[in-house]
1. May I ask you to compute the full-extension gain from ALA117 to TYR85, defined as 0.36 nm times their residue separation minus their alpha-carbon distance, rounded to one decimal in nm?
2. Excluding same-chain residues fewer than 8 positions from LYS122, which lysines have a Cα within less than 30 Å of its Cα?
3. Can you sort GLU148, GLU93 by solvent-accessible area, 1.4 Å probe, largest first?
4. Can you list residues whose amide H is under 5 Å from THR187's amide H, if they're 5+ apart or on another chain and H is modeled 1.01 Å from N?
5. Can you list residues from other chains, or at least 5 along the same chain, whose modelled amide H is less than 5 Å from the amide H of TYR101?
6. Once phi is turned into ³J(HN,Hα) by the Karplus curve 6.51 cos²θ - 1.76 cosθ + 1.60 with θ = phi - 60°, what whole-Hz value does each residue of the range 80-88 show in order, with x for glycine and proline?
7. Of the listed peptides 161-173, 113-125, what is their order by residue-averaged count of other C-beta atoms within 10 Å, with the highest listed first?
8. How large is ³J(HN,Hα) for each residue in the range 148-156, as worked out from phi by the Karplus curve 6.51 cos²θ - 1.76 cosθ + 1.60 (θ = phi - 60°), to whole Hz, x for Gly and Pro?
Amino acid sequence: MRNSLNGKRGIAIFLCAALAVAPVAGCATAGGEQAGGGTAAGAGIGAVAGGIAGSLLGAKGRRTEGMLIGAVAGAAIGALVGNYYDKKVRSREDSMKKVGYKAGGGDQVVIGQAVVAPDTVKVGGKVRSRVEYDVVTAEPDQKVPVKEVRQLIYQGKPVSDPVERTVERASGGYHSTFDFEVPKAATPGEYSVATQVQASGKAQTAQSKLIVEKI
């Protein structure tokens with residue numbers, strides 16, 4: 001009986017020590033998004049990002065790995081909260097020329113560039129993430145749903161919840177801008193903002209380097 005109690009006491013001490021050393025990554029609630037200044041929040045770290053998480057989050061089987069980022073690579077920093085701003089910058093004809101679209105090519109989405117400003121910021125500072133991309137649909141008057149996913153990457157691992165939204169786009173070139181604050185829980189260091197754009201089953205991803213400094 002005494003040996004059994006000693007064994008249980010040892011297990012309890014081990015679990016308490018483990019919890020004291022390893023921080024637990026919290027789950028954020030999903031927020032709403034809308035084009036032209038709507039507010040966005042993340043959708044849960046390690047979650048599958050609408051079928052395109054293969055590029056941003058890795059395979060579904062890596063969910064546990066994502067949840068342990070807080071104990072391995074600084075800290076899981078939860079949701080990125082901010083606002084969207086949209087601007088159409090090219091006509092269908094100009095986008096077709098830019099991407100070299102040919103008849104019979106189906107719907108296409110092509111990222112031109114992705115930038116952040118400033119590219120060096122202190123913890124808690126504001127960042128503007130802008131991606132420029134072209135959408136060309138098979139039919140001139142057609143609109144397609146375009147999914148945008150943004151996420152902070154640190155040491156090759158996602159450390160923020162993916163921020164997602166879906167907007168209807170006609171053919172043309174677009175600037176999609178997302179303004180957000182770097183969470184105060186972020187570990188200073190070199191990050192990248194990964195942006196993925198998906199339409200009609202096709203996706204492209206671009207990354208922009210972001211240096212986060214301590215206050």
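1. That pair, ALA117 and TYR85, stretches by 10.1 nm at full extension.
2. List returned: LYS87, LYS147, LYS157, LYS184, LYS209, LYS214.
3. The most accessible residue leads, giving GLU93, GLU148.
4. Counting only residues 5 or more places away or on other chains, the set is ALA75.
5. none
6. 9, 10, x, 10, 9, 9, 10, 8, 8
7. Peptide ranking by packing, descending: 161-173, 113-125.
8. Result, rounded to whole Hz: 10, 10, 10, 7, 8, 10, 9, 6, x.
The values are calculated or read from the model by the stated rules, or taken from the named source; none is laboratory data. Quantities reported herein were computed from a predicted structural model and do not represent experimental measurements. All Cβ positions, even for glycine, are placed from backbone atoms using ideal geometry, and neighbour counts span all protein chains on display. Ligands, DNA and RNA are stripped out before the accessible areas are found, and what is left, the full protein with its side chains, is counted by its heavy atoms. Shrake-Rupley method; radii C 1.70, N 1.55, O 1.52, S 1.80 Å.
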